[in-house]
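Engineer: Let me give you the structure first, and then I'll get to my questions.
Every read-out reported here was derived from the displayed coordinates using simple, explicitly stated rules and does not represent laboratory data. Computed from a predicted model, the values in this text were never measured in an experiment. Virtual Cβ from ideal backbone geometry, glycine too; neighbours counted across all protein chains shown.
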Protein chains: 4
Amino acid sequence: MAESRNKARSRNIDNTGFGQNSSVEGGRLVNRDGTTNVKKRGLPFWQRVSFYHTLLRMKRSHFFLVIVLFYTAVNIIFAAIYFAIGVDHLSGISSSASLFDEVSAAFFFSSQTLTTVGYGHVAPHGFLTNLVASTESLLGILAFAVVTGLIYGRFSRPRAFLAFSDVMLIAPYKEGRALMLRLATYKNNHLTDAEAQLTLALHVTENGKVVTRFFPLPLEISKINSLALSWTLVHYITEDSPIYSYTAGELHHAKVEVIVYIKAFDDHFSNTVQQRTSYTHNQLVYGAKFLPMFERAADGDYTLLELDKIGAHELVELKEPVLT
Amino acid sequence: MAESRNKARSRNIDNTGFGQNSSVEGGRLVNRDGTTNVKKRGLPFWQRVSFYHTLLRMKRSHFFLVIVLFYTAVNIIFAAIYFAIGVDHLSGISSSASLFDEVSAAFFFSSQTLTTVGYGHVAPHGFLTNLVASTESLLGILAFAVVTGLIYGRFSRPRAFLAFSDVMLIAPYKEGRALMLRLATYKNNHLTDAEAQLTLALHVTENGKVVTRFFPLPLEISKINSLALSWTLVHYITEDSPIYSYTAGELHHAKVEVIVYIKAFDDHFSNTVQQRTSYTHNQLVYGAKFLPMFERAADGDYTLLELDKIGAHELVELKEPVLT
Amino acid sequence: MAESRNKARSRNIDNTGFGQNSSVEGGRLVNRDGTTNVKKRGLPFWQRVSFYHTLLRMKRSHFFLVIVLFYTAVNIIFAAIYFAIGVDHLSGISSSASLFDEVSAAFFFSSQTLTTVGYGHVAPHGFLTNLVASTESLLGILAFAVVTGLIYGRFSRPRAFLAFSDVMLIAPYKEGRALMLRLATYKNNHLTDAEAQLTLALHVTENGKVVTRFFPLPLEISKINSLALSWTLVHYITEDSPIYSYTAGELHHAKVEVIVYIKAFDDHFSNTVQQRTSYTHNQLVYGAKFLPMFERAADGDYTLLELDKIGAHELVELKEPVLT
Amino acid sequence: MAESRNKARSRNIDNTGFGQNSSVEGGRLVNRDGTTNVKKRGLPFWQRVSFYHTLLRMKRSHFFLVIVLFYTAVNIIFAAIYFAIGVDHLSGISSSASLFDEVSAAFFFSSQTLTTVGYGHVAPHGFLTNLVASTESLLGILAFAVVTGLIYGRFSRPRAFLAFSDVMLIAPYKEGRALMLRLATYKNNHLTDAEAQLTLALHVTENGKVVTRFFPLPLEISKINSLALSWTLVHYITEDSPIYSYTAGELHHAKVEVIVYIKAFDDHFSNTVQQRTSYTHNQLVYGAKFLPMFERAADGDYTLLELDKIGAHELVELKEPVLT
């Protein structure tokens, strides 16, 4: 398909970091959450994974589950050790206690040591039990240091907090058409000096083989001073555009993927933040335009940005390009 | 008003991130504290707000109030749980205690557990009470980790600590007039490579409709090596300036707003810091000049910067521009 | 050797930060781990070394060993102090205890104080013992603060996590030859805007003296948008290349060293990361090409990157350059 | 003096951030430690000072003194409160205790609460004492959070760790003279992409008034890839140099001050670091050259950098410029 459109194809770029040859590549390139669709192997798991990064990126509920499980596991291990040494070395445990009472006493003594709460109504006696308790309290302090670091790392991680429209549109623009998508910050953060970069991946047939070609998509405005309201990224489909000659059907057939990369400076973090996402051909609406998503507040004193309308669009007629 | 001043208007910019159409926009664009005058809705509160950012930016007194309230609330909740299980499972509480004594004993046992101080004169007995206490001490450690992170985040947040003059002036400058405003660092921090950027918002009538137009205001010096003393930002109002033909009255009528954006590198944080503010037409003094705010110290060994004079100005005669 | 190759030599650079004169310089310039092969003296050890940096960069096992040793040492010192004051000031120690029991009681009381676990079954009595215990608990809190900072500093330290091929190749490329080496991220991190810079060090004879000359090695692609897969750095050896006229033997004889410098932006840290390494002539394979290291996954949904193949290469015939 | 040297003077710059008019300015501009010689007033002390920055920059010994004093002061305050409520509400204090014993018991109970060590052999009784203890333990946790943040902030603060030669030289260079000064990193850190910028301040007489003029001093090499060894900054005094026509005596008379600004990227911190310093005319040696400060190690395997020789120089004859 499209074998003759050499003009556009000749301007493709090969510094995307993705391979050119789709025959060695699978599926979409970039996932919707901005991660790349690549898996790694050939190194042991623990070398291939940064636990810090994994713990930083996991869902909050999972993160706290990991902590609770770790806390329970460490207490069980130390309870077993105290039990093995003998609970008679833990003062304050009644000598007539049942097995369950002894086990739970060892467990709770462990938790009191690990958290350094150390009530003392149960206390270690004998060299060995004292040594284990001393080790456990050090471990508790170190574990706490790790948790403090992780929690701080989690909430201080610079993020752009950008919401994207769930679809990209081919909309009427000036005398012709434009590819449009919309974004906005959805938290009470403020981005300045925001830059956007769109890269198009086309799967085209060359010499009978399907290969992936990458093209930068120039934007009408690719840099704004302040991302206070919403921002509609507009790629005007001129004759120089790689998709100028593509019909709606051809775009789907070429499995277009648009990789979006936003970089900005965040006020709160005083740091550069970035966010990526990707739109596949399934998210393309041909012939539609976005509806407004901000308006003057009723009392006229401020502007109201309606985040639930970020993907709101209506279908419109689109003038097909005249191919020459 | 000013329908014929097409020259200036034609150079307006549309990458400010604010809408061009004042009919969908309300009030001033940027607040004096640098935040944008925009509210968001359409997402649940907890998705729309970054609690970390909110806790980082709130006033110090409010922040500590939040901590004290949280501490009290958690203790009340856990005291209720201990009370529900039965205070007889807390050793060290006299069996003849009054209800108030029992409740307060549960409350203070909770606080001793949460802070991990754990004196132990009151101690948990029985599986359930022990389990709750064990959970509370873990929660205490996690809460403490969060607080440590927040406190560190609060005072390590890179900030420019810039004071701005409370007014902007139209002052005599060279052969004509200039828009001036003044700033200085008011803390013992030091900024290098400071850059300033002024954007003017004019509300003008076009085709009978009031629209907002944005213009960059070029500065005589827009970048300095070191922000050691005060810095007066000077926009020389030449014939190319968007406000060249405006009289004092017209400036007010057009509801001019000057958005100030400062970016610099801070020594202490070794980080880029930035600060924004905005001046509305109410803060404009037409025909005035700033008074000096630094002088040689009495003993001649250093320079003295007087921060309370940052907005000090005196009225002066201003030559009106000759409109052609 | 190579006295006549003035053309290439005339373009050498002297802003590498290394001395030009190999007679005052020893061994390789940059070690494989990216550190420079320089030792410093002339200042006391404690002024010359940043303990924070040392503790940040040491192996994890060594780091935890340092903590355990520090913990033990502090406890021994304080145990000695408590013992010197008299263990009779520690309540809860049986008066009939043996010397060993007394010493270990002092030791474990110290550890309970340092970690602030404070069971209280052993407690300080008398002004002096109380004062020491009060000091030790403050020290414990400060030490813990340091450890928390170190642990956070260790795992939040921005790193590129790049694996490099263990060899560099002179491979066939276009009509001639190219110097190639390969790299990839081996963790679940993602780098964007990656830049590479190669500097060649040649030890050449000039006026009968061996001197070190530095040359930048231009790359076919020196910047990529996303380091999602592997990246092969390719220096095409054209007539302008400093090593155009060198045979395999001459390259070894000139003790070529290629210093690699990678700079990128990391998603997780939202920070610039960099990594350096160096290849000496012993790591040069003349006449070989890299084997592919990524492929479409069996189920076709993603791309599989095989990290153990990063240095995989096969020997190939190489056309010698025609020297004119 | 030097009234006729208009050529050089005409190229002076006014974006240094320092005032042009020396009559309103006192003493040197930048101190040797890189801080500016400016004091601020006109705002209350607590608004004018960033306590975080002050605590971050003070000497280590002072910092720990502040902590010990704060710890003692808080304990004295709380001891006074416990004493005022009545030490009989602290169980474990013998009823026959002397006043000194009671006071010290209150003090040490306070310290056990503040550090959360909470042995429990002294424990709070009664609502009021419990409430105070509960408050103190919360305060202890918050204070600890602050200390953790400060300690982390102190040792993670990106710093360049640059040593400068104690003098700047006018040395023979090429056919003429050059202003030289030398710097090196003195810790085990590594700087890349180092940039240097020299600014000269001359106090010259204009129209009978002494004014300060600033000039950039171009460097032979102003940017190096790696600051592995020492770096000698060289300003070649050509005819274009502002000090070309100055003799040794005139340089002293004009009270030359050279402000040095170094910016680099640090490997460990993965952050931009910078350092400033300043040389006054008292630190100028006219007619001298630096002695080498690095050499090949005895065993030839590495380069040895001798930090104590950073300012080492010997006097040499200098050809005076021919003034035309």
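Engineer: Once phi is turned into ³J(HN,Hα) by the Karplus curve 6.51 cos²θ - 1.76 cosθ + 1.60 with θ = phi - 60°, what whole-Hz value does each residue of segment C:219-230 show in order, with x for glycine and proline?
Structural biologist: 10, 4, 10, 10, 8, 10, 6, 8, 9, 7, 10, 8
Engineer: If you don't mind, there's one more thing I want to ask. Applying the Karplus parametrisation 6.51 cos²θ - 1.76 cosθ + 1.60 with θ = phi - 60° to the phi angles of segment D:191-205, what ³J(HN,Hα) value in whole Hz is obtained for each residue in order, glycine and proline being reported as x?
Structural biologist: Values per residue, Gly and Pro as x: 9, 10, 6, 7, 10, 10, 9, 10, 10, 9, 10, 10, 9, 10, 8 Hz.
Engineer: B:His253 to B:Lys39: FRET efficiency via 1/(1 + (r/R0)^6), r the Cβ-Cβ distance, R0 30 Å, to the nearest 0.05?
Structural biologist: 0.65
Engineer: What residues qualify as long-range amide H neighbours of C:Asn271, i.e. H under 5 Å apart, gap of 5 or more or another chain, H built at 1.01 Å from N?
Structural biologist: Counting only residues 5 or more places away or on other chains, the set is C:Asp266.
Engineer: Can you give me the three principal axis dimensions of segment A:193-316 from its C-alpha atoms, in Å, biggest first?
Structural biologist: Its Cα atoms span 62, 37, 24 Å along the three principal axes.
Engineer: Follow-up. Which distances, shortest first and in nm, link A:Ser98 to the matching position in the other copies, using label points set 7 Å out along Cα to C-beta?
Structural biologist: Listed shortest first, these distances are 3.8, 3.8, 5.4 nm.
Engineer: Put a label point 7 Å from Cα along the Cβ direction on B:Trp46, then list its distances to the equivalent points in the other copies in nm, shortest first.
Structural biologist: 3.6, 3.6, 5.1
Engineer: Normalised by the number of residues in chain C, what is the relative contact order in percent for Cα pairs under 8 Å and 6+ residues apart?
Structural biologist: Normalised by residue count, the contact order of chain C is 20 percent.
Engineer: Now for a separate question. Which order do A:Lys40, A:Lys187, A:Lys319 fall in if you start with the one that has the fewest other Cβ atoms within 10 Å? Mind dumping the intermediate values first?
Structural biologist: On the way: A:Lys40 19, A:Lys187 22, A:Lys319 10.
Ranked by crowding around the Cβ, least crowded first: A:Lys319, A:Lys40, A:Lys187.
Engineer: Picking from D:Thr212, D:Thr238, D:Thr115, which is most flexible by a Gaussian network model of chain D using Cα springs under 10 Å?
Structural biologist: Highest fluctuation among the options: D:Thr115.
Engineer: To make sure I understand, if each residue's beta carbon is the centre and we count other beta carbons within 10 Å, what order do C:Val68, A:Val273 fall in, fewest to most?
Structural biologist: Numbers: C:Val68 13, A:Val273 23.
Ordered from fewest to most neighbouring Cβ atoms within 10 Å, C:Val68, A:Val273 come out as C:Val68, A:Val273.
Engineer: Can you give the charge dipole size of chain C about its Cα centre, rounded to the nearest 20 debye, using +1 on the beta carbon of Lys and Arg and -1 on the beta carbon of Asp and Glu?
Structural biologist: 860 debye
Engineer: Taking the Cα atoms of segment A:70-186, what is the range of coordinates along each of the three principal axes, in descending order and whole Å?
Structural biologist: Cα extents, longest axis first: 91, 26, 20 Å.
Engineer: Express in % the proportion of alpha carbon pairs of segment A:204-264 at distances exceeding 19 Å.
Structural biologist: Beyond 19 Å sits 44 percent of the P(r) for segment A:204-264.
Engineer: A further question on this structure: Report the residue, chosen from A:Thr116, A:Thr247, A:Thr272, that carries the largest GNM mean-square fluctuation when chain A is represented by alpha-carbon nodes joined by springs under 10 Å.
Structural biologist: A:Thr116
Engineer: Say we join alpha carbon atoms closer than 10 Å with springs in a Gaussian network model of chain D; which of D:Phe100, D:Phe294, D:Phe83 then has the biggest fluctuation?
Structural biologist: Judging by the Gaussian network model, the answer is D:Phe100.
Engineer: Size of the dipole of segment B:47-156 about the Cα centre, Lys and Arg at +1 and Asp and Glu at -1 on the beta carbon, nothing else charged, in debye to 20?
Structural biologist: Rounded to the nearest 20 debye, it is 800 debye.
Engineer: Let me ask you something else. Scan around A:Asp166 for amide H atoms under 5 Å from its own, H built in the peptide plane at 1.01 Å from N, and keep only partners 5 or more places away or cross-chain.
Structural biologist: Excluding prolines and chain starts, which carry no amide H, the hits are A:Gly311.
Engineer: In nm, one decimal, shortest first: how far is the label point of C:Thr238 (7 Å from Cα along Cα to beta carbon) from the matching points in the other copies?
Structural biologist: Ordered by increasing distance: 2.9, 3.0, 4.2 nm.
Engineer: Okay, next question. Scan around B:Ile237 for amide H atoms under 5 Å from its own, H built in the peptide plane at 1.01 Å from N, and keep only partners 5 or more places away or cross-chain.
Structural biologist: Those qualifying (amide H under 5 Å, at least 5 residues apart or on another chain) are B:Arg177, B:Ala178, B:Leu179.
Engineer: What ³J(HN,Hα) values, in whole Hz, does the Karplus curve 6.51 cos²θ - 1.76 cosθ + 1.60 give for segment C:309-319 when θ = phi - 60°, with x put for Gly and Pro?
Structural biologist: Whole-Hz 3J(HN,Hα) from phi for segment C:309-319: 9, 4, x, 5, 8, 10, 6, 9, 6, 10, 6.
Engineer: Consider the operator that turns chain D into chain A: which D residue has a Cβ nearest its axis, and what is that gap in Å?
Structural biologist: Per the Cβ-to-axis criterion, the result reads D:Gly120, 3.
Engineer: I need A:Arg32, D:Arg48 ordered by Cβ neighbour count within 10 Å, fewest first.
Structural biologist: Going from sparsest to densest Cβ surroundings: A:Arg32, D:Arg48.
Engineer: A further question follows. How big is chain D along each principal axis, measuring the range of its Cα positions in Å and listing the largest first?
Structural biologist: 96, 61, 32
Engineer: Lysine pairs in chain B with Cα distance under 14 Å, only those 8 or more apart or on different chains: how many are there? List each step's numbers first, then the result.
Structural biologist: Numbers: B:Lys174/B:Lys289; B:Lys174/B:Lys319; B:Lys223/B:Lys263; B:Lys289/B:Lys309; B:Lys289/B:Lys319.
Value for chain B: 5.
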